[in-house]
Structure formats: C-alpha cells, structure tokens
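Single-structure report; data block below.
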Amino acid sequence: MHESLDEGDALLSSAYTSSLERAKEANLEAVAFSLLSARVFRGSRSAKEVLTIGMDAIVQFDGYADLKEVHMCAFNEKEAVTLVQIAKDMGLTTDSSCAIL
C-alpha cells in the first residue's frame, strides 16, 4: 500500500507541475487550480495531506518571469481554512481568506 500512496502522491504533484508548465508555455500571468484529488479521489489521505502535496508542488515550481499569481480555489470554507493553515505552516504570506503563493 505504501508504494501505491507514493505513486499517487507523485502523480498528484505532477498534475500541478504539468499544469504550471503548460501555463508557462502560454505565458500566462495567473493560474487557478480547483483542488485536485481533495475529495472523493484522495483515497486514504486526509484532505490536508492532499492539499499540502498540491501546494508544495506549486511552491517548488521554478516559475517564470510573467507568472504573477497562482490560486487554489476551495469549494467550501473548511477547504479554504485548511489551505490558509497549510500556507501558514509553510511560512507563506496569508490573509484571512487566501494564501499568497
């Protein structure tokens, strides 16, 4: 099961990174993500674990000159609160409703 979790984690991280690569190719200034695998498809992972994988992938992305904003769009207040807490845990700038990535 451990290998399955590691593989799923890598695929999730890759989904965020690949999307950011496509944004780079298109010279987008902003990118918004729905929360990938944060609900039904998260398996045995908690929502916080899944969201941390996504946010970490975004933060670790090298970026590019034109990229100004990356948004993670929560479906409900609980997800939003979790995202802000993860951002604080990662030392990112936050306000009461969003994390600045």
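Summary of computed values
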{"item": "Subset of the stretch 73-82 (residues that are surrounded by 18 or more Cβ atoms within 10 Å (Cβ to Cβ) and at pLDDT 90 or above)", "result": "82"}
{"item": "Cβ pairs under 6 Å, 6+ apart, first in the stretch 21-38 and in contact (Cβ under 8 Å) with a residue 24 or more places away in the chain, second hydroxyl-bearing (Ser, Thr, Tyr)", "result": "24/64"}
{"item": "Any hit, the stretch 27-48, residues being modelled with pLDDT of 90 or more, in a helix (DSSP H, G or I), open to solvent by 70 Å² or more (accessible area, probe 1.4 Å) and touching a helix residue (DSSP H, G or I) at 6+ places or on another chain (Cβ under 8 Å)", "result": "yes"}
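The values are calculated or read from the model by the stated rules, or taken from the named source; none is laboratory data. Note that the coordinates shown come from a computational prediction; the quantities given were computed from them, not determined experimentally. Note that we place each Cβ from the backbone using ideal geometry, even for glycine, and neighbour counts take in every protein chain shown. Just so you know, the surface numbers come from the protein's heavy atoms only, side chains and all, with ligands and any DNA or RNA stripped out. Shrake-Rupley method; radii C 1.70, N 1.55, O 1.52, S 1.80 Å.
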